[in-house]
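These notes concern the structure reproduced below.
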Amino acid sequence: MGIPSKYNPADVEDKWYKYWMEQNFFHSEPDGREPYTIVIPPPNVTGVLHMGHMLNNTIQDILIRRARMTGKNACWVPGTDHASIATEAKVVNKLREEGISKSDISREEFLKHAWDWTHKHGGIILEQLKKLGASCDWERTAFTMDDARSESVIKVFIDLYKKGLIYRGVRMVNWDPKAKTALSDEEVNYKEVQSKLYYLKYKIEGEEGYVTIATTRPETILGDTAVCVNPADERFKNLKGKRVLVPLINRSIPIIEDDYVDMEFGTGCLKITPAHDINDYEIGMRHNLESIDIFNDDGTLSEQAQIFVGEDRFVVRDKIVPELEKAGNLHKIEDYTNKIGFSERTDEIIEPKLSAQWFLKMEDLVKPAIENVLNDNIGFYPAKFKNIYRHWMENIKDWCISRQLWWGHRIPVYYLSDGSFVCAETPELALEEARKLSGNIELTIEKLRQDEDVLDTWFSSWLWPISVFDGIRFPDNRDINYYYPTSDLVTAPDIIFFWVARMIISGYEYRKNFPFSNVYYTGMVRDSLRRKMSKSLGNSPDPLHLIEKFGADGVRVGMLLCSPAGGDLLFDESLPQQGAGFATKIWNAFRLVKNWEVSCEIEQPVHSELAIKWFRNKLNEVVATLNNQFDQFRISEALMTVYTTIRDEFSSWLLEIVKPPYLQPIDQKTFNEITELFDKILRLLHPFMPFISEEIWQLLYERKPSESLMVAQMPEAGEFNPASLEAFENVKEAVSGIRKIRTDNNIPNKDQLELSIQKGDKGCEEKFNSVIEKLGNLSEVNLVSEEVKGAASFRVKSTTYYIDLGGFVDHEAELKKLKEELDYTKGFLASVMKKLGNERFVNNAPEDVVAKEKAKQADAEAKIKVLEERIASLK
């Protein structure tokens, strides 16, 4: 048959993906099998594939393909997230480029633009995932703002509101002046920055003296409503009951006392700005202080600031300092390092701001979610994330769920003219509720005003494992009862609070059960310098270009080659290149086997029979190892198990042993058995490298049109004999010893050698002599009872192997080389003995470290003995 000399991924990948889709292999319906379910972490609807997606979805596809091949009903649900802040920002920018301002158009017009943008750009990322080989059930594709998910979100809001868990209140929130919306605490990233600490003098009212305060934000003095000192601070006892004047605007404010003030920080006097600092807000609440909001929603100063009105907050910071100096209110400025909150979405510096928002009470909701992670009902891999999760959950605050945006799920609250409100799924139902509330049966829909805000994006995605199976609208439907709870979640640890914790909370609230059995946390993909990949740094390769260059299988392997659970992946193009090289190795092994001429007339050689028996034994051990690795989510280790089994055990050992002599046929029995074993290793390989494994599997035997490796049965672990496997390792060592002697003495492989074996307690495996004979190209193998004088030798365990080099070797050169090796080994032994002679080392080092040094001593002493004997035999 005409097998191409080189494997070309481009010729294979689209062909097989199209075939899988046409055969509907990805689709799942409830049946009598055990379900295995994964819900995709929904990427932003207008996003494109990046390296983090590649890693995450490669792992998900490996898990889902393996489950499918172990007989489970595998269902991988794809979908996208509407991403309120990110999508709205993109639409606003697009409109700006067209000369349209968001403020100049109606909400309905804006939403039309947003939907147009979503339809144009949405779903691109899902199409890109197909290039990776993602075997999602595309018929189940969901979107957080499609009808089913939107209705689910509204139902949950109303339910929680009726339970008294959702409330509206004026609170200090994290305000993003760029996006002009509130953010939850989890959407704020804190960064260490180099700032200035400004020491400002506030004149004591009616006296000549001053009080000095320290602040990093001099522009906020315009909202000060008090100065606070610690009641235990003796320095300020004389200030009790007095007032000071705010610089530049001369507002008279009281000096108050509160234990919160740190006497060691700054001057010990603290300016209190209740509208713009959470701690000041709480002090203000305790002391009944006025709150003066000096900022507009866009971060410019409001009328209440009195001066610099309409100017940006950071422009004002630069302008106010010289004004304070001119007025005699600036004492000094110091360099200062502090942490500042930045918006996770826009990277804008957050402004603490008092705002009327909608909140979800979390205190009681989190209890089952904490308990069932800590008791391992939900497994975290790696387990270290349990402590991070627990700390956050035990210190959780009420969730600010409203956002000042137009793109998203609009809050289902309707206000009457007197400020009272009702909560309902539709305007029509709201009208019914409003008529009951007001007693006015003449009330019309036009008199109701729906809340302008939308819900936090995470308020829809926290329902994802339930809502993708429509379990909110129809809580007893066939899909939700079969697929929920899902099996495994694969996600990045940076959304453990945004998403993972909240899904667990909603799972217990709405299904009285966890949403998934296990959570596997991937690491962060970084470059070789450990920097986070980003467009601005130019260090983030285009995943589709990588697939084009190395093939999807090569990229998948590359992503996993150094990707421990929860550990960062240091990506370099050499990794997918290594993956592509592995694909070439597999292809060459396939070509070798398929190009053998097969004869029914030949008996199976003993060496082939032994090798096949060994490999079957080895394969049973490998399957057991893989099962254990997958159970513990050691996915990268599982890949390496398959990788080394194919590269080393199958290709370098088994095929080399059974390979017929040049231009000679192979016996039918060996060929059949090798083909059968090739089929098995392709099944183990398939979850990691689906395309090349399918291509070879289809060519290995004649297949029916509807057959596919992806729905073939995964090999099951059978019994294996560890002693037999260990024996074969001795065989490998013996063959390697023979090959080293050939290399060291420049003896061509075509020249046959004689081998003599002086048996010890271990290291001699007589039953495998035919294998050693084949791989070593030996003319004969003899057992001897004493040293063979003048022969080259090596040891395997306690057995010595001799090769009579005859006319092959220059004795003088061999003697010189042996003496050099002896000197080196003696030097090595001396360094080991020095370490073992150090009492501090022996007494304080871990036992295993000391044991390793003693093993080195024993090995070196044995090697010295062999070398000295060999030198003596050559003299």
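Annotations for the structure displayed:
- Inter-centroid distance (Cα atoms) of the range 123-160 relative to the range 291-315, Å: 41
- Which listed pairs, of Lys826/Lys865; Lys94/Lys532; Lys797/Lys856; Lys361/Lys386; Lys162/Lys361, have C-alpha distances above 18 Å, in listed order: Lys94/Lys532; Lys361/Lys386
- Surface per residue (accessible, 1.4 Å probe) for the range 296-378, Å²: 51
- Taking 0.36 nm per residue of separation and subtracting the Cα-Cα distance, full extension of the segment from Lys750 to Glu108 would add 222.8 nm.
- With N counted as the residues of the chain, its alpha-carbon radius of gyration over 2.2 N^0.38 Å works out to 1.27.
- Where labels lie 7 Å past Cα in the beta-carbon direction, separation of Ser302 and Ser517 in nm: 5.4
- Most to least packed among 158-169, 753-764, 832-843 [average Cβ atoms within 10 Å]: 753-764, 158-169, 832-843
- Using the Cβ-Cβ distance between Ile495 and Lys594 with R0 set to 41 Å, the FRET efficiency from 1/(1 + (r/R0)^6) comes to roughly 0.30.
- Given Lys131/Lys594; Lys669/Lys774; Lys201/Lys240, the pairs whose alpha carbons are separated by over 27 Å: Lys131/Lys594
- Inter-probe distance in nm under a simple model that places probes 7 Å from Cα toward Cβ, at His545 and Ile871: 5.9
- Relative packing of 108-117, 190-199, which averages over residues the other C-beta atoms within 10 Å, highest first: 108-117, 190-199
- Per-atom-type breakdown for the chain gives carbon and sulfur 49% of the accessible area (1.4 Å probe, protein chains only).
- Among the listed pairs Lys18/Lys120; Lys6/Lys72; Lys18/Lys618; Lys816/Lys863; Lys163/Lys397, those beyond 27 Å (Cα-Cα): Lys6/Lys72; Lys18/Lys618
- In sequence order, the range 334-339 has phi-based couplings of 10, 5, 8, 9, 9, 9 Hz under the Karplus curve 6.51 cos²θ - 1.76 cosθ + 1.60, θ = phi - 60°, and Gly or Pro positions carry x.
- Computed with a 1.4 Å probe over protein heavy atoms only, the accessible surface of the range 546-601 comes to 39 Å² per residue.
- Nitroxide proxy distance, nm - points 7 Å out along Cα→Cβ at Asn93 and Glu127: 2.1
- Length gained when the stretch Gln577-Lys826 is fully extended (0.36 nm per residue, less Cα-Cα span): 85.5 nm
- Counted residue by residue at 0.36 nm each, then reduced by the alpha carbon distance between them, the extension gain from Glu812 to Glu861 reaches 15.2 nm.
- Cα-based equivalent ellipsoid, the range 725-875: semi-axes from gyration tensor eigenvalues, Å: 31, 20, 12
- Restricting the range 693-734 to chymotrypsin sites (Phe, Trp or Tyr not before Pro) that sit in a DSSP loop and have at most 12 other Cβ atoms within 10 Å of their own Cβ leaves Tyr701.
- Taking the average, over residues, of other Cβ atoms within 10 Å as the packing measure, peptides 289-295, 449-455, 177-183, 334-340 rank 177-183, 289-295, 449-455, 334-340 from highest down.
- Nearest-20 debye value, the range 383-499 charge dipole, Cβ charges on Lys, Arg, Asp, Glu: 420
- In this calculation the C-beta distance from Ser798 to Glu766 is compared with R0 = 22 Å, giving a FRET efficiency of 0.90.
- For the range 239-388, the C-alpha radius of gyration sits at 1.42 times the compact-globule guess of 2.2 N^0.38 Å, with N the residue count.
- Nearest 10 degrees, 0 to 90: helix 9-22 Cα axis against the chain principal axis: 70
- Only Lys, Arg, Asp and Glu carry charge here, each on its Cβ (+1 for the first two, -1 for the last two); on that basis the chain has a dipole of about 1080 debye about its Cα centre.
The values are calculated or read from the model by the stated rules, or taken from the named source; none is laboratory data. In this text the structure is predicted, and so the values were computed from the model without any measurement. Heads up, the Cβs are rebuilt from the backbone with ideal geometry, glycines too, and the neighbour counts pull from every protein chain shown. The area values use the complete protein model at the heavy-atom level, side chains included, leaving out ligands, DNA and RNA. Shrake-Rupley method; radii C 1.70, N 1.55, O 1.52, S 1.80 Å.
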